[in-house]
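*Asks:* Handing you a structure now.
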Amino acid sequence: MTPSDSPPFAGLTPERILDAIESLGYRCDGALLALNSYENRVWQIGIEDSAPVVAKFYRPGRWSDAQIGEEHAFTAVMAADELPVVTPLVIDGRTLFTHGGFRFSVFPKQGGRAPEFAEPAILEWMGRLMARIHLVGARAPFALRETLDIQSFGVDSRDWLLANRLIPPELESVWQGVADQALEGVRHCYARAGQVDHIRLHGDCHAGNVLWTQDGPHFVDFDDARMGPAIQDLWMLLSGDADEMGRQFGHVLAGYETFREFDDRELQLVEALRTLRLMHHSAWLARRWSDPAFPAAFPWFATNRYWEERILELREQIAVMQESALVPR
């Protein structure tokens with residue numbers, strides 16, 4: 001695999017970034033700080049006589065303008081319900097702008113640190129807020145954004161990797177066999193769960209997308225917002241072995257059910273969703289390989305060792321999916 005000659009953010013120079021912000025009426029002081037983001041490009045930008053702002057430049061071709069609009073509308077409704085979500089600034093009635101061929105939005109700077117998800121009080125706090133987010137998410141569906149399901153995250157990821165011959169030839173058949181077994185395990189988990197509701201989700205609620213201040217958590221980066229089961233926003237709060245995750249989820253659930261009833265059938269989906277995320281992540285890296293940021297940040301991706309580890313990882317997931325569902329303690 002080699003990067004293409006036309007990376008997606010070619011031409012997004014510091015000068016163009018500053019010009020884009022000043023096109024909205026700001027006066028930049030020249031300070032630029034790149035923030036951690038691979039999917040998009042995110043910068044903190046100094047503003048004369050005012051607080052810095054954060055600009056997100058969207059990856060070309062990923063979401064349509066209408067799909068980005070759905071994300072922004074979702075966060076606006078949550079903010080109106082006094083949820084601590086960071087929403088794009090509305091300028092002249094708009095939240096999405098174009099400059100120099102790039103689409104971007106501007107956000108207020110939000111400070112904070114990563115939360116300690118192992119702390120019971122923090123897990124309960126997170127559970128309460130996730131329930132309130134899900135109450136908003138359940139009011140209406142996304143019309144245009146994607147759904148987290150077996151096809152989009154699992155089957156499509158497997159098929160794309162195989163069709164593009166991105167797995168080392170000597171490991172391809174082994175990986176395919178294990179991936180097929182993993183997908184069968186995922187289907188069994190979904191069958192055990194039965195019909196569960198799909199609602200609008202944050203979609204990627206890990207510690208990096210939660211900023212903790214003295215006032216509590218603030219949720220950022222709804223770029224992966226999509227339809228899916230509520231448990232998707234909860235299982236990534238958990239870590240450790242089955243007993244530890246059960247203890248942690250007990251605290252999350254105590255907070256969650258303060259505001260919203262949780263469907264216990266969704267516990268059958270925890271390891272299935274983890275498996276889908278692992279498969280989707282490999283395909284995501286492969287699809288983004290033409291972006292120079294990816295070979296620089298993930299140099300091991302194109303190695304045999306990477307795929308050997310993924311094979312082992314999927315085998316472990318196959319075994320875990322055959323075990324009993326997570327039990328809150």
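*Asks:* Tell me what the chain gives for mean residue ellipticity at 222 nm when only DSSP H runs of n ≥ 4 count, each as -39,500 (n - 2.57), the sum divided by the residue total, rounded to 500 deg cm²/dmol.
*Replies:* -13000 deg cm²/dmol, from helical runs alone.
*Asks:* Additional query: Of the trypsin sites (Lys or Arg not before Pro) in the stretch 156-265, which ones lie in a loop per DSSP and count no more than 13 other C-beta atoms within 10 Å?
*Replies:* Within the stretch 156-265, the qualifying trypsin sites (Lys or Arg not before Pro) (loop, at most 13 other Cβ atoms within 10 Å) are ARG165.
*Asks:* Quick one: length gained pulling ASP263 to ALA319 fully straight, 0.36 nm per residue minus the C-alpha distance?
*Replies:* 17.7 nm
*Asks:* Please give the Cα centre distance for the stretch 7-35 versus the stretch 168-194, rounded to the nearest Å.
*Replies:* Here the two parts' Cα centres lie 43 Å apart.
*Asks:* Quote the FRET efficiency, to the nearest 0.05, computed for GLN214 versus GLU48 with a Förster distance R0 of 30 Å and r equal to the Cβ-Cβ distance.
*Replies:* The calculated FRET efficiency here is 0.60.
*Asks:* Among all stretches of the chain without exposed GluC sites (Glu not before Pro) (DSSP loop, at most 12 other Cβ atoms within 10 Å), which one is longest?
*Replies:* Excluding the exposed sites themselves, the longest stretch runs over 117-260.
*Asks:* For the residue pair GLN151 and ASP243, what label-to-label distance in nm results when each label sits 7 Å from Cα along the Cα-to-beta-carbon direction?
*Replies:* Rounded to a tenth, the inter-label distance reads 4.2 nm.
*Asks:* Would you mind classifying the stretch 33-89 by shape? Square roots of the alpha carbon gyration tensor eigenvalues, ordered a ≥ b ≥ c; an a/c under 1.5 is rounded, otherwise it is prolate if a/b is larger than b/c and oblate if not.
*Replies:* In terms of gyration-tensor shape, oblate.
*Asks:* How are the Cα pair distances of the stretch 165-259 distributed, in percent, across 10 Å bins from 0?
*Replies:* Result, from short to long distances: 13, 29, 35, 18, 5, 0 percent.
*Asks:* Give or take rounding to whole Å, what are the principal axis extents of the alpha carbon atoms in the chain, in descending order?
*Replies:* 58, 51, 34
*Asks:* Would you calculate the separation in nanometres between label points at SER64 and LEU171, each defined as 7 Å from the Cα along the Cα-to-beta-carbon direction?
*Replies:* 3.7
*Asks:* Enumerate by residue number the trypsin sites (Lys or Arg not before Pro) in the stretch 83-142 meeting two conditions: DSSP loop (anything except H, G, I, E, B), and at most 16 other Cβ atoms within 10 Å of the site's Cβ.
*Replies:* LYS109, ARG139
*Asks:* What are the ³J(HN,Hα) values, in whole Hz, obtained from phi via the Karplus relation 6.51 cos²θ - 1.76 cosθ + 1.60 with θ = phi - 60°, for each residue of the stretch 292-298 in sequence order, with x given for Gly and Pro?
*Replies:* For the stretch 292-298, the Karplus curve yields x, 5, 7, x, 5, 8, 10 Hz.
*Asks:* First measure r as the distance between the Cβ atoms of ALA10 and ARG329, then evaluate 1/(1 + (r/R0)^6) with R0 = 41 Å and state the FRET efficiency to the nearest 0.05.
*Replies:* The pair ALA10/ARG329 has a calculated efficiency of 0.20.
*Asks:* Put +1 on the Cβ of each Lys and Arg and -1 on the Cβ of each Asp and Glu in the chain; which of VAL186, PHE104, LEU273 then has its Cα farthest toward the positive end of the dipole?
*Replies:* The residue sitting farthest along the positive end of the dipole is PHE104.
*Asks:* Answer rounded, prolate or oblate for the stretch 66-163, using the Cα gyration tensor with square roots of eigenvalues a ≥ b ≥ c: rounded when a/c is under 1.5, else prolate when a/b is larger than b/c, else oblate.
*Replies:* Here the stretch 66-163 falls in the oblate category.
*Asks:* On to the next question. In debye to the nearest 20, how big a dipole does the stretch 1-134 give about its Cα centre with +1 on each Lys and Arg Cβ and -1 on each Asp and Glu Cβ?
*Replies:* 200
*Asks:* Could you size up the charge dipole of the chain around its Cα centre, putting +1 on the beta carbon of Lys and Arg and -1 on that of Asp and Glu, and report it in debye to the nearest 20?
*Replies:* So the dipole magnitude of the chain works out to roughly 400 debye.
*Asks:* Would you work out the relative contact order for the stretch 14-108, in percent, from Cα pairs under 8 angstrom that are 6 or more residues apart?
*Replies:* 24
Where a number appears in this text, it was derived from the coordinates with a stated rule and is not lab data. What you are looking at is a predicted structure, and each value in this text was computed from that prediction instead of being measured. Heads up, the Cβs are rebuilt from the backbone with ideal geometry, glycines too, and the neighbour counts pull from every protein chain shown.
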